[in-house]
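Shown next, in structure tokens, is the structure this report addresses.
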Amino acid sequence: MKNTEYDFESVVDRKDTDCLKWDLFDDEVPMWVADMDFKVAPQIQKAIQKRANHPIYGYTIVPDELFEAYINWWDSNYNLKMSREDMAYSTGVMPSISSMIRCLTDENDEILIQSPVYHVFYYVIEDNNRKVLENELIYEDGVYKIDFDDLDEKLSRVKLMILCNPQNPVGKIWSEEELSRISELCKKHDVILIADEIHCDLTDPGVKYNPFEVNDNVIRCISPSKSFNIAGFQSSVVHTINNELLEKIKTQMHVDSSDSCNVFAAAAVIAAYNESGEWLSQLKKVIYRNKQIVKDFLAAELPVIKLVECDATYLLWLDCSAIDVNSKILSEFLRSNQGLFLSAGIDFGECGDNFLRMNIACPEKLLIDGLQRLKGGIISLNNIKQF
Ligand SMILES: Cc1ncc(COP(=O)(O)O)c(C=O)c1O
């Protein structure tokens, strides 16, 4: 996209940088893991270079300026007021959720999630010897909805629910009404809710994000890592107005050593929130444009795959039910046949098995390459199926 002061069009070679996305295989277009193939805002790179110029990289403290950056960002973008004393620093959303699972539930407890959902929710629950309880989303006429009767029943069995808003992988921003119904049910059953809001800034341009309400039962996990492509700094914040809960979480995160800040993280976060808002606005337009490209391409060239309409994240959820091949086989076929790596829907829960997840946070040239490979793969698959 031209006419912006930022470059979202150049394809940056990420190979040989120990990059999880690009350094697995040669000649592969990876459109799976949730990071972006865009250069960060120049303000962030400058802040890192400034810190790197100082030649000592010892242990570091979390500066108040980092918390102030979060507070101002959430106040000005979402009109949500946070106080410094209600926040704790963590080395990432998943490390903090893992610590919360350990200090707020017991072994063998069930923990509620809404599937299909970010696959690491499953691992973090099971790795901590807890059990996943799924409140499956209802998929009807291409739209995802919450099954509130099932949620009501299942919340009576748990102490903890993990909500994903916006939802990864379906890309949905839950409405104010849906969020307040969830909140009421959590209060009714005395359930603590973790709101993972890591994708909240990545909405379609002009679309409003609805944060979960602030109340005593809610712990919010927030981070600029997705929005500003700085996940490699491993940094996030936990927020709750329930001081008793926060103290427990802080103690557990300390036990788990997941509360310390690496030497570059604070500089990146502060430059992102305080100086890179305009970059994010431009990025959102590019992602929205990419979404339209995928939508038009599928409609014109590959109508067997349907795009699930979404208003947030750069992760597209592709309905492949008409292809009649399970998602693991389909994703492995696309990878071996075309060098295109998309996530298999089943990774996000059994109910995701008819889907593929496609990360479109990349320059247009790469996106077109990925789409052509997708088409080539489906044509090859059909040829094979005919014999
Ligand atoms: C919903 C969700 N939560 C958490 C994470 C990971 O967060 P972190 O890297 O801070 O642990 C991701 C990454 O894709 C995600 O999609």
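Springs between alpha-carbon atoms under 10 Å, Gaussian network over the chain: tell me which of Gly232, Gly206, Gly58 tops the mean-square fluctuations.
Looking only at Gly232, Gly206, Gly58, the biggest GNM fluctuation is shown by Gly58.
Please list, by residue number, every one of the chymotrypsin sites (Phe, Trp or Tyr not before Pro) in segment 1-99 that is coil in DSSP and has at most 12 other beta-carbon atoms within 10 Å.
On the way: sites: Tyr6, Phe8, Trp22, Phe25, Trp32, Phe38, Tyr57, Tyr59, Phe67, Tyr70, Trp73, Trp74, Tyr78, Tyr89; in loops: Tyr6, Phe8, Trp22, Phe25, Trp32, Phe38, Tyr57, Tyr59.
Here the sparse-neighbourhood loop sites are Phe25, Tyr57, Tyr59.
Just add up the charged neighbours of Val117: K/R +1, D/E -1, any other residue whose Cβ is under 12 Å from the Cβ of Val117.
Values: positive: Lys172, Arg357; negative: Glu134, Glu136, Asp196, Asp347, Glu350.
Once positives and negatives cancel, what remains is -3.
Specify whether the C-alpha gyration tensor of the chain places it in the rounded, prolate or oblate class, a ≥ b ≥ c being the square roots of the eigenvalues: rounded for a/c under 1.5, otherwise prolate if a/b is larger than b/c and oblate if not. List each step's numbers first, then the result.
On the way: a/c = 1.72, a/b = 1.18, b/c = 1.46.
Oblate is the answer for the chain, as a/c is 1.5 or above yet b/c matches or exceeds a/b.
Give a quick list of trypsin sites (Lys or Arg not before Pro) in segment 45-85 that DSSP marks as loop, anything other than H, G, I, E or B, with at most 15 other Cβ atoms within 10 Å. Display every interim value, and only then the final one.
Numbers: sites: Lys46, Lys50, Arg51, Lys81, Arg84; in loops: Lys81.
Sparse-neighbourhood loop trypsin sites (Lys or Arg not before Pro): Lys81.
Please report the antiparallel percentage of DSSP beta bridges with both residues in the chain, rounded to the nearest 5.
Numbers: 20 of 38 bridges.
If we restrict to bridges inside the chain, about 55 percent are antiparallel.
Shape verdict for segment 271-387, please, from the Cα gyration tensor: rounded (a/c under 1.5), prolate (a/b greater than b/c) or oblate. Could the numbers behind the result be given before it?
Working: a/c = 2.27, a/b = 1.87, b/c = 1.21.
Verdict is prolate for segment 271-387.
Going by the alpha-carbon gyration tensor, a ≥ b ≥ c the square roots of its eigenvalues, is segment 45-275 rounded (a/c under 1.5) or, if a/c is not under 1.5, prolate (a/b greater than b/c) versus oblate?
Prolate.
First measure r as the distance between the Cβ atoms of Asp147 and Asp204, then evaluate 1/(1 + (r/R0)^6) with R0 = 25 Å and state the FRET efficiency to the nearest 0.05.
Efficiency at R0 = 25 Å is approximately 0.45.
Roughly how many nanometres apart are two label points built 7 Å out from the Cα toward the Cβ at Ser336 and Glu176?
5.2 nm
Hey, how many Å between the Cα centroid of segment 195-244 and the Cα centroid of segment 145-166?
19 Å
On full extension of the chain, what length is gained from Glu184 through Asn77, given 0.36 nm per residue of separation minus the C-alpha to C-alpha distance?
Working: separation 107, 0.36 × 107 = 38.52 nm, distance 2.51 nm.
Stretched out fully, the Glu184 to Asn77 stretch lengthens by 36.0 nm.
Mind checking the full-extension length gain between Val304 and Val214? Use 0.36 nm per residue of separation minus the Cα-Cα distance, one decimal, nm. Don't jump to the answer; show the numbers that get you there.
Working: separation 90, 0.36 × 90 = 32.40 nm, distance 4.26 nm.
Residue separation times 0.36 nm, minus the Cα-Cα distance, leaves 28.1 nm.
Between Ser260 and Asp7, how high is the FRET efficiency from 1/(1 + (r/R0)^6) when r is the Cβ-Cβ distance and R₀ = 30 Å? Nearest 0.05. Kindly include the intermediate steps, with their values, before the conclusion.
Working: r = 34 Å, r/R0 = 1.13.
Efficiency for this residue pair is about 0.35.
How would you order 210-218, 234-242 from highest to lowest mean count of nearby Cβ atoms within 10 Å? Don't jump to the answer; show the numbers that get you there.
Working: 210-218: 17.0, 234-242: 22.4.
Most protected by this proxy first, the peptides run 234-242, 210-218.
Coordinate-derived values only; no laboratory data. Because the structure is predicted, anything quoted here is derived from the model rather than measured. In this analysis, Cβ positions are derived from the backbone assuming ideal geometry, glycine residues included, and neighbour counts consider all displayed protein chains.
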